[in-house]
Every structure is written in structure tokens, then in C-alpha cells.
């Protein structure tokens, strides 16, 4: 019964999202490590290891003078005390969304409204909320793992089955470095 309700909630949320996305326009532009000045990172913060990978990615972006913000989604009803946001990191959990996934938290809304040059979706398997937020993001160039949501990404990175988040981060940096360096 729970899965049935979740499926209905998600279908209604996607329907509402599609209507809103048709009204809203997103400026699309190709960006690489040379042209990007801002980046947003969406990731699954439920696993602490992913947070460490995001820290590494932010450090690498700093070397290219890219100002970065990260939004970690915690797949729990409530955040624990060890998830405290700052000017770089913010966190969202299930309680930060309404029954039909409308955003209730100001920091989350600010993140998706930010017109980042790059949006990196750093997940191997995409939870519904991360996919939902990624679609709403006003980022100009969205990058993530191939096979998750072909409508979301402007650049998709193919991974082998046994590759994890560190390999995805490595490949994203590699391809962003190669892209149109004119």
C-alpha cells in the first residue's frame, strides 16, 4: 500500500512539475571548467562517504575559481545534528517537502533558483527528490550519470556497473576539462 501511495504522489508531483517547467524558461549554455564561474552540486548525503567526495569536488572547483554550493539530500524523515549547513553546504530531508514534494525549505528553494553555470548531479542511483530538484534547477548546463534521466542532463557520463561516485566525479572533471576549450 505504501508503494502505491508513493507512486501516486510522485506522478502527481511530476505532472505539476511539467506544467510549471513549461511556464519557466531555463537558459541553456555549454560550460566547461574554463567558462564556468558558478556550480551547484546535488548529491545523496544519506551516505557520509558521498559528502567526502563532494568536498573533494568543491576543492577541485576552487582551483578553477568556480564558486560552488552543494545541496545534499538525506533520505530520512528528519536531519540529524551532524548535518549542519553553511554558505557552501545545505541539506534537505523528507520533512522539507510537502506531501506532493513542494519545497518547504528556503535554502532548498534558493539552491534551485540559482542560475549556476554548472549543475553536477553526483549520484549513482537517483532518488526521486534529487531528480525532481535537478529538473527544477535553473542551471545552464547539467551534468550527471547516463541512464538515470535523459531529459535532465545536458551531458551524461557513462559508468560501468561497478564504478561508484569517485569514478563519476573523476569522469565529470575529465569531460568538463575536455569540452570546447576554445
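Every read-out reported here was derived from the displayed coordinates using simple, explicitly stated rules and does not represent laboratory data. Just so it is clear, the model here is predicted, and its values are computed rather than measured. Every residue, glycine as well, gets a Cβ built from its backbone with ideal geometry; the counts of neighbours run over all protein chains shown.
From the P(r) of the chain, can you give the percent of Cα pairs sitting at distances over 26 Å? Kindly include the intermediate steps, with their values, before the conclusion.
Details: 4355 of 16471 pairs.
Of the Cα pairs, 26 percent sit more than 26 Å apart.
Which value in nm describes the separation of the simple spin-label points at residue 158 and residue 37, placed 7 Å from the Cα toward the beta carbon?
3.6
Starting from the 7 Å offset along Cα-to-Cβ, what nm value, one decimal, do you get for the label separation of residue 59 and residue 25?
Rounded to a tenth, the inter-label distance reads 4.2 nm.
Work out how much length residue 7 to residue 47 would gain on full extension: take 0.36 nm times their residue separation and subtract the Cα-Cα distance, in nm to one decimal. Mind showing how you got there, number by number?
Working: separation 40, 0.36 × 40 = 14.40 nm, distance 2.42 nm.
Between residue 7 and residue 47, full extension yields an extra 12.0 nm.
Say we join alpha carbon atoms closer than 10 Å with springs in a Gaussian network model of the chain; which of 161, 47, 113 then has the biggest fluctuation?
Of 161, 47, 113, the most mobile in the Gaussian network model is 161.
Could you check the spin-label model distance between residue 18 and residue 106? Points 7 Å from the Cα along Cα→Cβ, value in nm.
That separation, rounded to one decimal, is 3.4 nm.
Just from its helices, what would the mean residue ellipticity at 222 nm be for the chain, if runs of 4 or more DSSP H residues each count -39500 (n - 2.57) and the sum is divided by every residue, rounded to the nearest 500 deg cm²/dmol? Please report the intermediate quantities before stating the final value.
On the way: 5 runs with 69 residues, N = 182.
Helix contribution divided over all residues of the chain: -12000 deg cm²/dmol.
Counting only DSSP beta bridges with both residues in region 2-178, what percent are antiparallel, rounded to the nearest 5? Intermediate results must be reported in sequence, preceding the final value.
On the way: 1 of 25 bridges.
Restricted to region 2-178, the bridges split so that about 5 percent are antiparallel.
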